[in-house]
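**Student:** After the structure tokens below, expect a handful of questions from me.
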Amino acid sequence: MPRFFIENPLAVGETATLTGENARHLAGALRVTVGEAVTLCDGAGTDYTCTVTAVEREAVSLAVEAAMPTVAEPTLAVTLYMGLPKGDKMEYIIQKAVELGVTAIVPVATARSIVRLDAKDAAKKQQRWQKIADEAAGQSGRGILPRVETPIAWKQALSRLGEENTLLCYEGGGAPIGQLVTPADTALSLVIGPEGGFDPSEVEAVVAAGGRIATLGKRILRCETAPVAALAVLMEKSGNMA
């Protein structure tokens, strides 16, 4: 069933209208007809089952038949702090992290990040990254649109991590990540380094701020593989892979 995000909540019995790109996608690419079912989501965890009542190229009207909580949202809210990687790796990381249930993604310029973005480039990147996250959310049946922030400096990230339930994945050791989360956990921050990993001083700073160090095993994973592996374990151990 086609699925689209909307900006405002709906009420059963009212008529919703999709316009612009969403309407063109429904009418053109998907070729929906009157009577077909479409799911709308308000981005706040509620899905609406709708029936198409009219189709035009720039506007598709739908009757709202039922409302229900989105079943795909995990009970564990994970904020991914990701060391800025090279090239288009961040796009892959964002797509897969959203599919796996991440709530927010914070790109971070760490000591070993090769990429350095000025304010203009950072803003442009954020817009593209958010679009990738939005598309992944729709494809994977998410009930929210996970936010992707503009890249921040390590010092800024550290000040936030000290206030959060933080796990930093480190190739230098730590507790198995699966032992650091339970179904009772509702929120945590996951910190992953760029190519080259973390500077030891960064790891020490996270520990001093109250964070815990996690390992993903004896093999060293690429920076684009590590968040996918870590999120899969966190979702499994928190009961969100059933």
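Conditions (1) among the hydroxyl-bearing types (Ser, Thr, Tyr); (2) closer than 22 Å to ASP134 by Cβ; (3) in contact with a helix residue (DSSP H, G or I) (Cβ under 8 Å, 6 or more places away or on another chain); (4) not assigned by TED's automatic domain parsing to the domain that holds LEU190, marked per residue:
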position: HIS25; (1), (2), (3), (4): no, yes, no, yes
position: GLY43; (1), (2), (3), (4): no, yes, no, yes
position: TYR48; (1), (2), (3), (4): yes, yes, no, yes
position: ALA54; (1), (2), (3), (4): no, no, no, yes
position: GLY87; (1), (2), (3), (4): no, yes, no, no
position: TYR92; (1), (2), (3), (4): yes, yes, no, no
position: ARG116; (1), (2), (3), (4): no, no, no, no
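**Student:** Same structure again: Being surrounded by 15 or more Cβ atoms within 10 Å (Cβ to Cβ), β-branched (Val, Ile, Thr) and modelled with pLDDT of 95 or more narrows it down to one residue among VAL115, VAL52; which is it? If you could, list the steps in order and put the result at the bottom.
**Tutor:** Numbers: VAL115 fails: modelled with pLDDT of 95 or more.
Among VAL115, VAL52, only VAL52 is surrounded by 15 or more Cβ atoms within 10 Å (Cβ to Cβ), β-branched (Val, Ile, Thr) and modelled with pLDDT of 95 or more.
Condition check ((1) within 19 Å of LEU84 (Cβ to Cβ); (2) in a strand (DSSP E or B)) across all residues:
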position: ASP121; (1), (2): yes, no
position: LYS124; (1), (2): yes, no
position: LYS131; (1), (2): yes, no
position: GLY138; (1), (2): no, no
position: THR182; (1), (2): no, no
position: LEU190; (1), (2): yes, yes
position: SER201; (1), (2): yes, no
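**Student:** With ALA27, ALA72 as the choices, which residue is among the hydrophobic types (A, V, I, L, M, F, W, C) and either at pLDDT 95 or above or more than 29 Å from LEU234 (Cα to Cα) (or both)? Even if it seems obvious, please write down each step before you answer.
**Tutor:** Numbers: ALA72 fails: either at pLDDT 95 or above or more than 29 Å from LEU234 (Cα to Cα) (or both).
Criteria check complete, one pass: ALA27.
**Student:** In the stretch 189-203, which residues are surrounded by 12 or more Cβ atoms within 10 Å (Cβ to Cβ) and more than 20 Å from ALA104 (Cβ to Cβ)? Let's see the steps before the verdict.
**Tutor:** First, pick out the residues of the stretch 189-203 that are surrounded by 12 or more Cβ atoms within 10 Å (Cβ to Cβ): 189-199, 202-203.
Listed by number, the residues that qualify are GLU195, GLY196, GLY197, PHE198, ASP199, GLU202, VAL203.
**Student:** Can we say GLU195 is part of a loop (DSSP other than H, G, I, E, B) and in contact with a Cys (Cβ under 7 Å, 6 or more places away or on another chain)? Explain how you work it out, then say what you get.
**Tutor:** Working: part of a loop (DSSP other than H, G, I, E, B): yes; in contact with a Cys (Cβ under 7 Å, 6 or more places away or on another chain): yes.
Against the criterion (part of a loop (DSSP other than H, G, I, E, B) and in contact with a Cys (Cβ under 7 Å, 6 or more places away or on another chain)), GLU195 qualifies.
**Student:** Additional query: Identify all residues within the stretch 59-69 that are over 27 Å from SER238 (Cβ atoms) and surrounded by 12 or more Cβ atoms within 10 Å (Cβ to Cβ); write none if there are none.
**Tutor:** Initial filter on the stretch 59-69 (over 27 Å from SER238 (Cβ atoms)): 59-66.
Of everything in the stretch 59-69, those that are over 27 Å from SER238 (Cβ atoms) and surrounded by 12 or more Cβ atoms within 10 Å (Cβ to Cβ) turn out to be ALA59, VAL60, SER61, LEU62, ALA63, VAL64, GLU65.
**Student:** Among THR215, THR186, THR166, THR182, which is the only one that is in contact (Cβ under 8 Å) with a residue 40 or more places away in the chain, surrounded by 19 or more Cβ atoms within 10 Å (Cβ to Cβ) and closer than 24 Å to GLU236 by Cα? Before you say what the answer is, go through the steps one by one.
**Tutor:** Details: THR215 fails: surrounded by 19 or more Cβ atoms within 10 Å (Cβ to Cβ); THR186 fails: surrounded by 19 or more Cβ atoms within 10 Å (Cβ to Cβ); THR182 fails: surrounded by 19 or more Cβ atoms within 10 Å (Cβ to Cβ).
After ruling out the rest, the residue left standing is THR166.
**Student:** Would you say GLU171 is out of contact with any Gly (no Cβ under 8 Å at 6 or more places or on another chain) and either more than 24 Å from ALA72 (Cα to Cα) or outside any helix (DSSP H, G or I) (or both)? Working first, answer last.
**Tutor:** Values: out of contact with any Gly (no Cβ under 8 Å at 6 or more places or on another chain): no; either more than 24 Å from ALA72 (Cα to Cα) or outside any helix (DSSP H, G or I) (or both): yes.
No; evaluated as a whole, the condition is false for this residue.
**Student:** Let me ask something additional. Out of the stretch 120-134, which residues are under 18 Å from the mean Cα position of the chain (by Cα) and either surrounded by fewer than 12 Cβ atoms within 10 Å (Cβ to Cβ) or not hydrophobic (A, V, I, L, M, F, W, C) (or both)?
**Tutor:** LYS125, GLN126, GLN127, ARG128, GLN130, LYS131, ASP134
**Student:** A follow-up question, please. Could you tell me which numbered condition PRO146 fails, if it satisfies all but one of (1) farther than 19 Å from ARG112 by Cβ; (2) surrounded by fewer than 20 Cβ atoms within 10 Å (Cβ to Cβ); (3) within 22 Å of the chain's Cα centre (by Cα)?
**Tutor:** Checking PRO146 against (1) farther than 19 Å from ARG112 by Cβ; (2) surrounded by fewer than 20 Cβ atoms within 10 Å (Cβ to Cβ); (3) within 22 Å of the chain's Cα centre (by Cα), the one that fails is (2).
The values are calculated or read from the model by the stated rules, or taken from the named source; none is laboratory data. Nothing here was measured: the structure is a model prediction, and the numbers come from that model. Cβ sites come from the backbone with ideal geometry, for glycine too, and all protein chains shown count toward neighbours.
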